[in-house]
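Notes for the one structure printed next.
The values are calculated or read from the model by the stated rules, or taken from the named source; none is laboratory data. For clarity, every value in this text was computed on a predicted model and none was experimentally measured. Every residue, glycine as well, gets a Cβ built from its backbone with ideal geometry; the counts of neighbours run over all protein chains shown.
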Amino acid sequence: MEYREWSNFLIPYDQAVQELIVKFQNIISEYKSLDRYSPVEQVSGRVKTVESILDKVRRQEIDLNELEDRMSDIAGIRIICRFVEDIDTVVEMIRMRKDMEVIEETNYIDHKKPSGYRSYHIVVSYPVYTVWGARHIKAEIQIRTLGMNFWSTIEHSLSYKYKGQLPEDVLVRLQRASEAAFDMDQEMSSIRDEIVKGTI
């Protein structure tokens with residue numbers, strides 16, 4: 001595809017990201033207006049760059065004509081929660097919504113990746129309305145705690161520097177750091193639970 005074709009192709013994905021960000025920010029605002037704790041701490045989003053799309057196309061041998069069907073993370077939303085249990089709450093919220101359809105879920109929290117990566121991924125089909133008519137866009141929603149996000153951000157930047165070929169000793173240390181971050185998440189949840197119950 002030429003530059004203009006790529007730009008046109010990505011328009012509805014950008015629209016989906018912007019609309020989804022607003023919807024989840026509204027959840028935060030609604031909880032605040034009710035003076036209640038929000039399970040959503042913050043939300044951000046992005047559309048994959050053309051370079052990133054083409055890199056994945058090469059790695060996974062995806063036909064460009066099948067791009068919309070086979071690539072589910074061109075539009076990406078990241079939801080950050082304070083506590084691990086908030087993730088379950090957010091997942092249930094998404095499942096119950098009528099303005100998007102859940103088509104795939106992957107639990108990398110209970111089943112972490114070998115690298116130590118933890119997050120909960122949901123792929124949704126989201127309708128957008130463009131000048132060319134209605135489109136259903138696939139978007140990947142990643143839900144994780146602040147600790148998981150910190151680890152993932154650092155790991156990604158290191159992996160990028162080494163072009164995905166991290167030294168073995170670094171991989172081991174990152175795995176240990178992942179466990180430490182998850183232990184902290186669980187300890188924070190335990191502390192909050194005890195405070196809420198009034199046992200401390």
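Listed values, structure above:
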read-out: Test: residue in region 47-62 that is modelled with pLDDT of 95 or more and among the acidic types (Asp, Glu); value: no
read-out: Residue satisfying all of: in region 155-183; of a type in the set (A, V, I, L, M, F, W, C) and without any contact (Cβ under 8 Å) to a residue 12 or more places away in the chain; nearest to Gln142 (Cα to Cα) among these; value: Ala180
read-out: In region 63-98, the residues that are closer than 27 Å to Ile11 by Cβ, of a type outside the set (A, V, I, L, M, F, W, C) and touching an Asp or Glu at 6+ places or on another chain (Cβ under 9 Å); value: Arg70, Ser72, Asp73, Gly76
read-out: Qualifying residue in region 70-83 (condition: of a type in the set (Asp, Glu) and either touching a strand residue (DSSP E or B) at 6+ places or on another chain (Cβ under 7 Å) or closer than 18 Å to Ala139 by Cβ (or both)); value: yes
read-out: Some residue of region 96-112 being touching a residue at least 40 places away in the same chain (Cβ under 8 Å) and closer than 23 Å to Ser152 by Cα; value: yes
read-out: Residue list for region 143-179, filter: in a loop (DSSP other than H, G, I, E, B) and not polar (S, T, N, Q); value: Tyr162, Lys163, Gly164, Leu166, Pro167
read-out: Residue satisfying all of: in region 15-30; in contact (Cβ under 8 Å) with a residue 40 or more places away in the chain and closer than 15 Å to Arg78 by Cα; surrounded by the most Cβ atoms within 10 Å (Cβ to Cβ) among these; value: Ala16
read-out: Odd one out for Met96 among (1) surrounded by 13 or more Cβ atoms within 10 Å (Cβ to Cβ); (2) at pLDDT 95 or above; (3) not aromatic (Phe, Trp, Tyr); value: (1)
read-out: Qualifying position, being of a type outside the set (S, T, N, Q), within 29 Å of Leu158 (Cβ to Cβ), touching a strand residue (DSSP E or B) at 6+ places or on another chain (Cβ under 7 Å) and surrounded by 13 or more Cβ atoms within 10 Å (Cβ to Cβ), among Val50, Val43, Val124, Val57; value: Val43
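Residue by residue, here is whether (1) among the hydrophobic types (A, V, I, L, M, F, W, C); (2) closer than 16 Å to Cys81 by Cα; (3) in contact with a Cys (Cβ under 7 Å, 6 or more places away or on another chain) holds:
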residue	(1), (2), (3)
Ile141	yes, yes, no
Leu146	yes, yes, no
Glu155	no, no, no
Leu158	yes, no, no
Gln165	no, no, no
Glu179	no, no, no
Phe182	yes, yes, no
Ile195	yes, no, no
Thr199	no, no, no
